[in-house]
1. Would you pick out the residues in the stretch 42-57 that are touching a Leu at 6+ places or on another chain (Cβ under 6 Å) and of a type outside the set (Gly, Ala, Ser)?
2. Just wondering, is there one or more residues in the stretch 56-70 that are of a type outside the set (D, E, K, R), modelled with pLDDT under 90 and under 23 Å from the mean Cα position of the chain (by Cα)?
3. Please work out which residue is farthest from Phe140 (Cα to Cα), limiting yourself to the stretch 155-171 and to residues that are of a type in the set (A, V, I, L, M, F, W, C) and in contact with a helix residue (DSSP H, G or I) (Cβ under 9 Å, 6 or more places away or on another chain).
4. Is it fair to say Asp120 is modelled with pLDDT of 60 or more and either over 15 Å from Thr169 (Cα atoms) or surrounded by fewer than 10 Cβ atoms within 10 Å (Cβ to Cβ) (or both)?
5. Taking only the stretch 141-167 into account, find how many residues are part of a helix (DSSP H, G or I) and surrounded by fewer than 14 Cβ atoms within 10 Å (Cβ to Cβ).
Amino acid sequence: MSINSRNKLTDAELLLLIQENKRDAFEQIYNRYWSKLYVAAYKILRDRQASQDAVQEVLVKLWLKRKENDIVNLNSYLHNAVRFQVFNQIRNGKVRTALFEEIAELSVVNDAEHRLLSIDFNRKLEGSIIQLPEKCRKIFLLSRMEQLSTKEIAQRLALSPKTVENQLTIALRRVRISFGKVLLLLMLLLFIY
């Protein structure tokens, strides 16, 4: 099957083909998503090279782990993976410091405003946590509030570490969705202060 005929294939069909080591199927995914993913990364990072690196990292991992992928929605998977990669770059300090300088200039916040933001943030976080399923909420609280490792949580709750990891992923995804862009802004503001 040629690349041109694969232009009409769905993401699910392309994923099946890359599991069969079909490089032209991967090339089609790459061409279909690269610019969208780059724009998404650039909106946050405001750095061309860092944005390109984030997208490349995600796409390379997609190819390297093609045999083990169980992706249901490729578009969502890739966008979430790029967002995660961007946050990793920010957390690891791989982003140019100008990004933080720009944010610092934009965030002239006095103490009263900072306290109000903090109170609002905590309320929103508590609301998000309350909406989690019971098991998910318990694992999230043990991880984030009591700072327990995945292994410690698994032992305490008599669960497998993989179950704990899955539940944490679910919890973090739901909390992240409920916060949306507010979470990123608050994380960056808190990092500055």
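The values are calculated or read from the model by the stated rules, or taken from the named source; none is laboratory data. These figures come from a predicted structure and were not determined experimentally. Heads up, the Cβs are rebuilt from the backbone with ideal geometry, glycines too, and the neighbour counts pull from every protein chain shown.
1. Kept after step one, since they are touching a Leu at 6+ places or on another chain (Cβ under 6 Å), are these residues of the stretch 42-57: 46, 51, 55.
Arg46, Val55, listed by residue number.
2. First pass over the stretch 56-70, keeping only residues of a type outside the set (D, E, K, R): 56, 58-60, 62-64, 69.
Pick out the ones that are also modelled with pLDDT under 90 and you get 69.
Remaining after also requiring under 23 Å from the mean Cα position of the chain (by Cα): 69.
Yes, the stretch 56-70 contains a residue that is of a type outside the set (D, E, K, R), modelled with pLDDT under 90 and under 23 Å from the mean Cα position of the chain (by Cα).
3. Leu159
4. Yes.
5. First pass over the stretch 141-167, keeping only residues part of a helix (DSSP H, G or I): 141-144, 150-157, 161-167.
Now restrict to residues that are surrounded by fewer than 14 Cβ atoms within 10 Å (Cβ to Cβ): 151, 155, 162.
Residues flagged as part of a helix (DSSP H, G or I) and surrounded by fewer than 14 Cβ atoms within 10 Å (Cβ to Cβ) within the stretch 141-167 amount to 3.
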